[in-house]
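What follows is one structure encoded as structure tokens, with my remarks underneath.
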Amino acid sequence: MNKKLFPYIAIAYMLVFLFIQVIAELGTLTVESLIQHETLGKIDPIGTIIAAVIFSLVTIALFVWMKWATVSKDFVMTRPWDLLFWSFIAALGVIIPSTFLQEQMPEWPDAIQRYIDETAQQMVGIMNTPGGYAVICLLAPIAEELVFRGAVLRKLLEWKPERRWLMITLSALLFALAHMNPAQLMHPFLIGLLLGWLYERTGSIVPGIIFHWANNTVAYLLIRIYQDPDITITQIFGSQSRVMMAVGFSLLIFLPALYQLNQRMKK
């Protein structure tokens, strides 16, 4: 196959990912509208959970079946438990610094902000519904790593292997855009860079799944505790000085974890 087509194939993978998501959501909304018409009651977020489960399972099955993403047990057979441990630690260490940078972004226009608020409230509903953890913290990391690292980044690296950081950056940008939430562009982009680096160095999506799971689990716990998707880290810690202390402490976790990962991925 002509390598010039590889970047377009990578973008097509992302579009397939989004298409499945939209179809699953539209199907669920149709069923919910019928139920609402019959019951005249408030729609329960369980419908969103069902759509997310269908979306994730169909995505995983399609990308594996079509061999758009390669699934192999070779990496796990090397027993890389120390590498997976440091992937988990790195995820914990990067959350506060990344969120802090995201909160420095300028405010969005009112129309975009309303969409952001609606999306955030929908996410709170999912996380407060039984099954929310499985969708957000288990299925989503597997599906997204399979698509954006196992398929998108793999194809980009096949296109320009000598420009690996440019390819990682492009895949991180696509990953951020695929979240379709302007308020979350910075954090997914930075996380996408780290996930891309893990994949490029190991050739496996497993470290990324662990990293992704830890990141989403922290977000899940914060939402369950505070019940406010708009809460800032300044509100959580109480003052700007405490925020800076938290950022500094997190970097003392994150930077050594990066060093350990870099050392272990040389093997």
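Every number in this text was worked out from the coordinates using simple rules, so none of it is lab data. Note that the structure is predicted; figures quoted are calculated from it, not measured. Neighbour counts are summed over all protein chains in view; Cβ atoms, including those assigned to glycine, are modelled from backbone coordinates with ideal geometry.
Observations, loosely collected:
- Added length on full extension, which subtracts the Cα-Cα distance from 0.36 nm per residue, T78 to S239: 53.4 nm
- Packing rank of 251-257, 85-91, 73-79, where each peptide gets the mean count of other beta carbons within 10 Å, highest leading: 85-91, 251-257, 73-79
- Residue with peak Gaussian network fluctuation, the chain [Cα springs, cutoff 10 Å], from P45, P161, P207: P161
- Label-point separation, I11 to K160 (7 Å along Cα→Cβ), nm: 1.4
- Segment R114-L138, extension gain: residue separation times 0.36 nm, minus the distance between their alpha carbons: 5.8 nm
- Label-to-label distance for T232 and Y259 is 3.3 nm, based on points extended 7 Å past Cα in the beta-carbon direction.
- Among the listed pairs K3/K73; K4/K73; K4/K67; K3/K266; K73/K266; K3/K67, those whose Cα-Cα separation exceeds 22 Å are K3/K73; K4/K73; K3/K266.
- For region 216-222, putting each phi into the Karplus relation 6.51 cos²θ - 1.76 cosθ + 1.60 with θ = phi - 60° gives couplings of 5, 5, 4, 4, 4, 5, 5 Hz, in residue order, rounded to whole numbers and with x for Gly and Pro.
- Whole-angstrom gap from region 4-20 to region 117-131, using each part's C-alpha centre: 28
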